[in-house]
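Notes for the one structure printed next.
No value in this document is a laboratory result; all are computed from the given coordinates. None of these values were measured; they are calculated from a predicted model. As a convention, Cβ positions derive from the backbone with ideal geometry for all residues, glycine included, and neighbour counts pool all protein chains shown.
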Amino acid sequence: MIYDVIIIGSGPAGLSAAIYAQRAELKNIVIEKTGFSGGQIINTYEVDNYPGTPGISGFDLSAKFREHCDKLNTTFVTGEVVELKLEDDIKLLTLDDGSQYKAKTIVIASGGLPRHLNVPGEDKFSGLGLSYCATCDGAFFKNRKVAVVGGGDVAVEDAIFLSRICEKVYVIHRRDEFRAIKSSVNKLLENENVTILWDSVVESINGTETVESLDVKNVKTGESSKIDVDGVFIAVGYIPTSQIYKDIVATDDSGYIIAGENTETNVPGIFAAGDIRTKDLRQIITAASDGANAITAVERYLNKIN
């Protein structure tokens with residue numbers, strides 16, 4: 001069988017695309033790597049920024065997305081895509097179990113993963129005071145002490161955001177200057193409740209049930225110290241899961257697939273949606289929007305070639 005569209009990934013972008021594909025009566029399947037849907041949001045303790053669902057857990061929100069797909073009789077296949085080949089206008093996908101699927105179009109919505117510090121306590125406290133998204137989880141730390149780890153644009157913007165609602169914000173950066181744009185840095189440094197720990201790295205994240213403190217080391221002096229915080233936000237980069245596609249579609253220097261709001265890549269019939277594509281804001285709502293835009297673009301493409 002040759003499908004109209006194969007959707008790779010079952011996070012918010014992939015599930016949204018699946019809903020729109022079913023409603024458009026396109027022959028489609030969704031390939032999900034883990035056998036359960038939701039992507040990164042299933043690890044989010046509470047989602048407070050998706051319209052109409054204040055306070056819902058990430059697990060419950062992803063379940064609602066999946067229920068919507070199931071109601072429309074979406075077909076899901078469990079497996080990891082290990083190869084993509086182009087055969088004229090047909091896209092051939094091979095999964096890790098050796099199975100193969102053909103489609104006229106594909107929507108790559110496999111997302112990405114935040115870059116980790118790989119220090120003791122990071123895995124233990126993920127979702128328990130440790131977050132990789134300040135705009136998602138910052139509100140839960142109102143009037144409390146937090147730390148932001150990183151020195152790029154995202155880290156600086158996160159720290160500015162948190163400084164407006166938190167009692168104290170520490171910014172821990174391994175270098176002696178920020179990589180972020182100057183205007184943002186200046187805005188950050190204007191905040192009296194922000195303390196910058198230059199030339200410093202986190203050695204461990206500590207606590208009992210939730211984050212309580214950080215062990216920090218100055219990389220120049222070798223001096224170690226402990227700071228008491230209620231939360232830590234890690235913003236040291238993001239790793240898009242685009243490795244197997246980068247020789248086929250255009251990516252930027254960070255590995256994100258180059259695609260605009262219409263989700264079209266440089267290869268006809270291949271679309272990129274959600275966190276894997278180049279974009280300014282990576283949130284559940286923008287991922288879901290990408291899924292809708294992707295299927296709209298798919299329909300336009302199919303109308304041209306059919």
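Excluding residues on the same chain fewer than 8 positions from K104, give the lysines whose Cα lies under 19 Å from its Cα.
Output for K104: K27, K85, K91, K304.
Under the classification rounded if a/c is under 1.5, otherwise prolate if a/b is larger than b/c and oblate if not, where does segment 130-234 fall, given a ≥ b ≥ c as square roots of the Cα gyration tensor eigenvalues?
It comes out oblate by the Cα gyration axes.
List the residues whose amide H sits under 5 Å from the amide H of V232, counting only those 5 or more places along or on another chain, with H placed 1.01 Å from N in the peptide plane.
L130, S131, A147
Below 8 Å, C-alpha to C-alpha, sequence gap of six or more: please give me the relative contact order for the chain in percent.
Relative contact order here is 20 percent.
Residue farthest toward the positive end of the dipole of segment 130-234, with Cβ of Lys/Arg at +1 and Asp/Glu at -1: which of S163, S183, G150?
Result: S183.
Which residues' amide hydrogens lie under 5 Å from the amide hydrogen of D48, considering only partners 5 or more residues apart or on another chain, with H built in the peptide plane?
For D48, whose amide H was placed from the backbone, the distant partners under 5 Å are G55.
Using +1 at the Cβ of each Lys and Arg and -1 at the Cβ of each Asp and Glu in the chain, identify which of G138, G269, T286 lies farthest towards the dipole's positive end.
Ranked along the dipole, the leading option is G269.
Within segment 130-234, what is the number of lysine pairs with alpha carbons under 24 Å apart, leaving out pairs fewer than eight places apart on the same chain?
Pairs that pass both the separation and distance tests number 12.
Let me check I've understood the local charge: for G79, count other residues with C-beta under 10 angstrom from its C-beta, Lys and Arg +1, Asp and Glu -1. What total comes out?
So the surrounding residues net to -3.
What do you get for trypsin sites (Lys or Arg not before Pro) in segment 163-220 restricted to DSSP loop and a cutoff of at most 15 other Cβ within 10 Å of the site's Cβ?
Here the sparse-neighbourhood loop sites are R164, R175, R179, K220.
Using a 7 Å offset from the Cα along the Cα-to-Cβ direction at both K187 and V201, what is the distance between the two label points in nm, to one decimal?
Modelled inter-label distance: 3.0 nm.
Where nothing but the Cβ of Lys and Arg (+1) and of Asp and Glu (-1) is charged, how large is the charge dipole of segment 172-280 around its Cα centre, in debye to the nearest 20?
That gives a dipole near 340 debye.
Give the separation of the Cα centroids, segment 251-298 to segment 81-146, in Å.
Centre-to-centre distance over Cα atoms comes out at 14 Å.
Could you tell me which GluC sites (Glu not before Pro) in segment 141-230 are loop residues by DSSP with no more than 14 other beta carbons within 10 angstrom of their beta carbon?
Those satisfying the criteria are E167, E177, E190, E192, E209, E223.
Tell me, what HN-Hα J-couplings in whole Hz come from the Karplus equation 6.51 cos²θ - 1.76 cosθ + 1.60 at θ = phi - 60° for each residue of segment 72-88, using x for Gly and Pro?
So the J values, rounded to whole Hz, are 8, 6, 5, 9, 10, 10, 8, x, 10, 6, 10, 7, 10, 10, 9, 10, 6.
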